[in-house]
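A quick write-up on the structure given underneath.
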Amino acid sequence: MNLLDQFVLQHVQVSLLKARLIQVSKDAGAQKAKVELNLTPRVMDSDTPGNLPAYQVSARLSCNGGAEDGSEPKFMAQVGFEVIYQQIEGEPVDIARFTANHASLTRQLYPLLQQELRMLLVRLGLEQIHLPFDLAAKVNLPETEVVQISGLLH
């Protein structure tokens with residue numbers, strides 16, 4: 001089930017900007033980094049009975065990387081949003097079904113988070129780190145699985 005067929009993004013608010021630069025790397029080459037996206041949905045209380053539900057989703061995008069020895073990352077950056085999705089059509093979707101299918105929201109939320117994380121990395125002096133612009137469409141991930149992108153980031 002693709003939740004974007006029945007829900008609209010009603011509100012977005014930045015809730016987290018966190019960064020730590022442990023060591024500045026002068027290397028111009030590629031570095032290994034791990035990018036991880038986490039979504040945590042919860043139901044919002046409705047004042048009017050019979051209305052279609054709305055859900056608040058905490059979205060977090062983090063990027064850690066650069067350590068060759070694996071002891072500590074050379075940098076860490078994380079951004080977070082609180083977003084509200086309002087159902088606009090269909091039979092009401094309960095929290096269990098929403099949670100089981102919330103990975104379908106990643107294609108909409110990732111570009112917003114990516115842009116904010118990109119600016120945070122630039123402020124840290126990490127202009128050489130390029131995040132993916134989009135994610136592969138994987139809307140049928142189990143609810144406990146996070147979306148991870150690993151590899152070389154230039």
statement: Subset of region 74-91, residues part of a loop (DSSP other than H, G, I, E, B) and surrounded by 13 or more Cβ atoms within 10 Å (Cβ to Cβ), comes to K74
query: Does L39 satisfy being touching a His at 6+ places or on another chain (Cβ under 8 Å), at pLDDT 85 or above and either under 30 Å from I22 (Cα atoms) or of a type in the set (G, A, S) (or both)?
result: yes
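Taking V14, is it more than 20 Å from P132 (Cβ to Cβ) and modelled with pLDDT of 90 or more?
Judged against the criteria, V14 is a match.
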- request: Kindly indicate whether any position in region 19-32 is modelled with pLDDT of 75 or more and either closer than 29 Å to V93 by Cβ or surrounded by fewer than 15 Cβ atoms within 10 Å (Cβ to Cβ) (or both).
  value: yes
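The values are calculated or read from the model by the stated rules, or taken from the named source; none is laboratory data. All of these numbers come straight from a predicted model, not from anything done at the bench. Don't worry about glycine lacking a Cβ; one is built from the backbone with ideal geometry, like all the others, and counts go over all protein chains shown.
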